[in-house]
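Step one of this worksheet: look at the structure below.
Each value in this text was obtained by applying a stated rule to the coordinates, not by laboratory testing. Given the structure is predicted, the values throughout are model-derived calculations rather than measurements. Virtual Cβ from ideal backbone geometry, glycine too; neighbours counted across all protein chains shown.
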Amino acid sequence: MGTQYQMMLNEQYRPATAAPRSWDLRAFHRLPVLGDIGCFVLSGFATYAYIANGAIGTTWATGLILIGALVFTLALEGSRASETLTSKIQPKSIRLLVQSTFVAFALLAITVIVVGIDQTAARSWLITWFAFAVAVSISYRLILSFVVRAALRGGKLNRRIAVYGGDEIGASLLEYFSADEGSRAQILGFYDERRDRVPDHIVGYTRLGGLDALEAAAFSGQIDEVVIALPLSASSRVGEITNRLADAPVTILVAPDLKILQLFDRPIEEVFGVPMLQAMNQPIEGWGRIVKFLQDRLIAGLILILASPLFLAIAIAIKLSSKGPVIFRQTRRGWNGSAFEILKFRTMRVEAAQSEGLEQAHRDDPRVTTVGWFLRRTSFDELPQLINVLRGDMSLVGPRPHAMGTRAEGRLFEESVEDYMRRYRVKPGMTGWAQVHGWRGETDSVGKLAMRVRYDIEYTENWSLWLDLYILMITPLALLFRSHNAY
């Protein structure tokens, strides 16, 4: 009886659930994949009408389009290239989108050969269809990202997330969230009643109270998702929080320890019959080293030859704009932490140049010359590093080498992020996985550095020739659309 009375009392004083917002994010969850499929099908019919109408029967063409759409959908879903809305074009999603499209057209080409359709007309149609489908899909993604960005600015699609837990797991999670500037989520703050163990502020997020305050906010419609960041040993506490929020209009997630999560997808090796998790391996070994060696030398040499007129024009512009040498040299760390001298076109006044990265370039930096500003915005100042690649100091693709002595929030880079030194397990690169994701320019916070290191480690653990080639191809687009951080 007492329990029923208490439940009635709780229900009586519980705040009313707020009205839902005009746009529910989950309602638009499938827009990317549905749009990709629509672009694929429409491209098929449009190119058929223009290229192969009459040469291939309409029935056969419709059948091929439907088969291609089915295979494309399965490949797209299997690769998880179109899972959620995003305010930025993700290079990985574009790569998986192109791969899924290629898989569909490879099967269509085999079908055309087996069935015996006019191969001349079919070949022209399929090639045009493939190129058009990729172009239309990427354009669709761009338009969708602009719409999402506008909706985010208007507060229409933001997921409002609250974290419960302010100890080590919660703090590392909040730090991870704070570094992801492109997220469509709004982190409201964190809840934890243990005032004696947790601070009132963590990386800019405020402690908003304990479990009672979290419950009140959840039932009043102020929160969309609750992330419980507690150790696995606190299972009873996790159960209590889940029960308290069971009938609140929120999604409840339980965050794992990020350090343990890194080991979940690691391969298993046997040593004397004992299975062991491979925490770290050699990123590039065997034939991979030979392939990367040839790739670096051949492509770097070719670019040097083709870009020689540009080198000459830049050198003349630098000499005419300011006194001093054309080339700037600075010591940086490379493979296995060894030091090397990096080459760049000089972009600063000679008296302001530093042998170490004691002060990073920043917006409206008075040390940067007029020509230097242009070179930094276009990344043309990095072109002399092709010589570093030919010397073997660097690779075309890899983690960007930071200047020795560079600091974030007053701490040396290597002391700021726990896994920072893992970047040195491969040669540094002229471009990298972090750069094509928009992480370039000034690194003035530990959060920004952590995101760069995250992508650098992801690259080292997933290296392949195709990933290198993809990064090289997408780099010009990244420079074009994500140059706002380069100064």
* To do: Go through K344/K448; K292/K344; K292/K427 and tell me which ones have a Cα-Cα distance over 21 Å in this structure.
  => K344/K448; K292/K344
* Structure fact -> Candidate cut points under trypsin sites (Lys or Arg not before Pro) in segment 395-487, DSSP loop plus at most 13 other Cβ atoms within 10 Å of their own Cβ, are none
* Assigned charges on the beta-carbon of Lys, Arg, Asp, Glu; segment 417-473 dipole about Cα centre (debye) -> 100 debye
* Structure fact -> Computed ³J(HN,Hα) along segment 288-297: with the Karplus parameters 6.51/-1.76/1.60, θ = phi - 60°, integer Hz and x for glycine or proline, the list is x, 5, 5, 4, 5, 4, 5, 4, 4, 5
* Structure fact -> Taking Lys and Arg as +1 and Asp and Glu as -1, residues besides A69 with C-beta under 15 Å from its C-beta add up to -2
* To do: Mind running the shape call on segment 158-261? Use the C-alpha gyration tensor, a ≥ b ≥ c as the square roots of the eigenvalues: rounded below 1.5 for a/c, prolate if a/b tops b/c, oblate otherwise.
  => rounded
* Structure fact -> Calc'd 3J(HN,Hα), segment 428-443, phi into Karplus 6.51 cos²θ - 1.76 cosθ + 1.60 (θ = phi - 60°), Hz, glycine/Pro = x, comes to x, x, 6, 9, x, 5, 5, 5, 6, 8, x, 8, 9, x, 5, 10
* Structure fact -> Per the C-alpha gyration tensor (a ≥ b ≥ c, the square roots of its eigenvalues), segment 287-481 is rounded if a/c is under 1.5, else prolate if a/b beats b/c, else oblate; here it's oblate
